[in-house]
1. Suppose we filter the range 97-108 for residues that are closer than 20 Å to residue 492 by Cα and not in a strand (DSSP E or B); how many remain?
2. I'm told residue 205 meets every condition in (1) over 20 Å from residue 60 (Cα atoms); (2) modelled with pLDDT of 95 or more; (3) part of a loop (DSSP other than H, G, I, E, B); (4) not acidic (Asp, Glu) except one. Can you identify the failing condition by its number?
3. Which members of the range 401-454 meet the condition of being among the polar types (S, T, N, Q) and exposed (fewer than 15 other Cβ atoms within 10 Å of the Cβ)?
4. Out of the residues in the range 412-426 that are part of a strand (DSSP E or B) and of a type in the set (Ser, Thr, Tyr), which is nearest to residue 471 (Cα to Cα)?
5. What are the pairs with Cβ atoms under 6 angstrom where one residue, in the range 570-581, is surrounded by fewer than 21 Cβ atoms within 10 Å (Cβ to Cβ) and the other, located anywhere, is among the basic types (Lys, Arg) and assigned to a strand (DSSP E or B)? Sequence gap at least six, or different chains.
6. Just checking, does the range 145-152 include any residue being touching a strand residue (DSSP E or B) at 6+ places or on another chain (Cβ under 9 Å), closer than 30 Å to residue 494 by Cβ and in a loop (DSSP other than H, G, I, E, B)?
7. Give the range 383-434 a look and list any residue that's closer than 30 Å to residue 303 by Cα and free of Cβ contacts under 8 Å to residues at least 40 places away in the same chain, or say none.
8. I'd like to verify a number: residues in the range 70-102 that are small (Gly, Ala, Ser) and surrounded by fewer than 24 Cβ atoms within 10 Å (Cβ to Cβ), how many?
Amino acid sequence: MNRLTSLLFVLYPFFSSINAAEENTTLPTLIVTATRTPQTIDNSFASVTVISREEIANSQALTLPEILRTVPGLDIVTNGGLGKPTSVFMRGTESDHVLVLVDGVKIGSATVGSVAFEHLPLSQIERIEIVRGPRSSLYGSEAIGGVIQIFTRKGEGIEASVGMGDDASYHVTAGLSGASKENWYSIHASHLQTEGFNDCQANRNGGCFTVEPDDDAYDNSSVTAKLGHRFGDSVTIEANAMQAQGYTEYDSSFNNQADFVQQVFGIKADYVANDRWQINLSAGSSRDELDNFGNNAPKSFFHTSRTSINFTNNILFSNEKILTVGYDYQKDEVDSSTQYLVDSRDNQGVFVEYQTQWASIGLRNDDNEQFGDHTTGNIALAYAFNPNTRFMLSYGTAFKAPTFNELYFPNFGTPELEPEESESVEIGLMTTQADSQWSLSAYHTKIDKLIATNFDAGNFFADNINKAKISGVDGSFNWHNKAGWEFRLSGSWLNDALPRRAQKTINIELARKWKSARLGISGLAQSHRYDDAANSQRLGGYGILNLTTEYNFNKHWTLQARVENVLDKEYEKVRFYNTPRQFWFVSLRYQY
């Protein structure tokens, strides 16, 4: 960790209110997710990807899964089109092995165990930090594959956009934000809707097990707000909120529509006691609500909530070492039309992380109300061959507590389940130049007590029956020059991939930016995958080509257009589920 990073650590609470564009031009890229303390990305001990607001805007993506598919080590699988159930597999692990935070607040369904990425509004997101590799020693349960942290919008000014495209799709956004030396605020809203297409192929023996050849619509209205104040030179307080709600249609022999709500609220206070000691206190809550209907008749509902509190002390020593000591509290609660034997539980965790310029070591103990104590740890080492090239070696353990469905869902749950446990080893190399950056990492993860569906005596039930060994490589290369050319390449390779994960993935993008225009071409290619654990149901590989273009009439008005899957490629990621064919979308954006 260099002296600049140490200075950023002390001053980070104050940087949080700076306009994002100004931050990108005057400061190195900062991350906080990998260690829960600010550091520059080229000094991280983990494999990290940061997606900025500018990259989100340039991609012209409508949903969060669309932008995440470009990240090395991530495989995004959606059962249909916009707003349909989406799984995010990080480095080959399960979709519920990814911990997700929104402005520091942990989100996700306590019953299913995963996050509804498809409903989180991309237009409300300022920045995304993706950390690959285990992080249970900092965050507790779920961070076996890694962590994704989403930061909602901020900035200064007025903006709005309106767009339309295929499948009667519409997208409208509006936002207002501002900042002074002591205060900052932001409020953004959006509405996305589409008539969609028929997500599931007619088949009574697989997929959605029904014949329902209709278009499956989607509707999502969202709002985010952020308000902060600085008291003198040492205290900052910030509150944030996000809510997305709407409905999605799908094909099923039981239900065919669901109303959803995704809600997050958080408040945090940062106190810089002196230039060596910083204290952080935060509290938050998140809700995941799903109400299922069959032909407009109510069928079932699953409402879960998570309440969290965090207290952290960060101590900066004179020899550029950081000691982090913290406490986490989390309570999960379930309110459902289905009766659960247990409908709430809490978890308390204490953790310590010690960082030097070339090493990081962490240890955490979680006391779960149902599963007792669980200890995890990590150690990472780094070596600089020169000022631009850095070698990393790390080892970490992680665990995942069973979900309420796996424990208590009627005729499926097994109350005697034990937490899943993992060990991971990673080596990596990263080089950063003025106009380019590349990284390459190889890893091996072993998961014990993996929870899967077992079958016995005519019944399906959750059981700790599986073990998994996952080896892989992922990397990226980014380049740009003063003439406006941009080139991005990322790829992933998995050995012995689990169901629905492609063994090989490659993303490539070439773009040219002029003073008033930008033109981009990108491609995504994935090898075959299997839809079942027995590797008997093979889904073929595919490649798609995408185009984006934009024109700035002046510094306020921008016209954007994109064509997804230009060659109209037909492919499957989930057996019997359709994927988007050729899709176009045009939008007009205003910024002041």
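1. The number of residues fulfilling the criteria is 1.
2. Residue 205 satisfies every listed condition except (2).
3. Going through the range 401-454, the residues among the polar types (S, T, N, Q) turn out to be 403, 405, 411, 414, 422, 424, 431-433, 436-437, 439, 441, 445, 453-454.
Those that are among the polar types (S, T, N, Q) and exposed (fewer than 15 other Cβ atoms within 10 Å of the Cβ): 411, 433, 436, 453, 454.
4. Keep residues of the range 412-426 that are part of a strand (DSSP E or B), which gives 420-426.
Narrowing further to those that are of a type in the set (Ser, Thr, Tyr): 422, 424.
Numbers: 422: 13, 424: 10 Å.
Filtering the range 412-426 for residues that are part of a strand (DSSP E or B) and of a type in the set (Ser, Thr, Tyr), the one nearest to residue 471 (Cα to Cα) comes out as 424.
5. none
6. Looking only at the range 145-152, we keep the residues that are touching a strand residue (DSSP E or B) at 6+ places or on another chain (Cβ under 9 Å), and these are 145-152.
Okay, now just the ones that are also closer than 30 Å to residue 494 by Cβ, so 145-151.
Narrowing further to those that are in a loop (DSSP other than H, G, I, E, B): 145.
Within the range 145-152, one or more residues are touching a strand residue (DSSP E or B) at 6+ places or on another chain (Cβ under 9 Å), closer than 30 Å to residue 494 by Cβ and in a loop (DSSP other than H, G, I, E, B).
7. Residues of the range 383-434 that are closer than 30 Å to residue 303 by Cα, as a first pass: 398-422.
Answer for the range 383-434, where residues must be closer than 30 Å to residue 303 by Cα and free of Cβ contacts under 8 Å to residues at least 40 places away in the same chain: 416, 421.
8. Taking the range 70-102 as the starting set, the residues that turn out to be small (Gly, Ala, Ser) are 73, 80-81, 83, 87, 92, 95.
The next check asks that each one be surrounded by fewer than 24 Cβ atoms within 10 Å (Cβ to Cβ); those that pass are 87, 95.
Counting residues in the range 70-102 that are small (Gly, Ala, Ser) and surrounded by fewer than 24 Cβ atoms within 10 Å (Cβ to Cβ) gives 2.
The values are calculated or read from the model by the stated rules, or taken from the named source; none is laboratory data. All values derive from a computational prediction rather than experimental measurement. All Cβ positions, glycine included, derive from the backbone under ideal geometry; neighbour counts span all protein chains shown.
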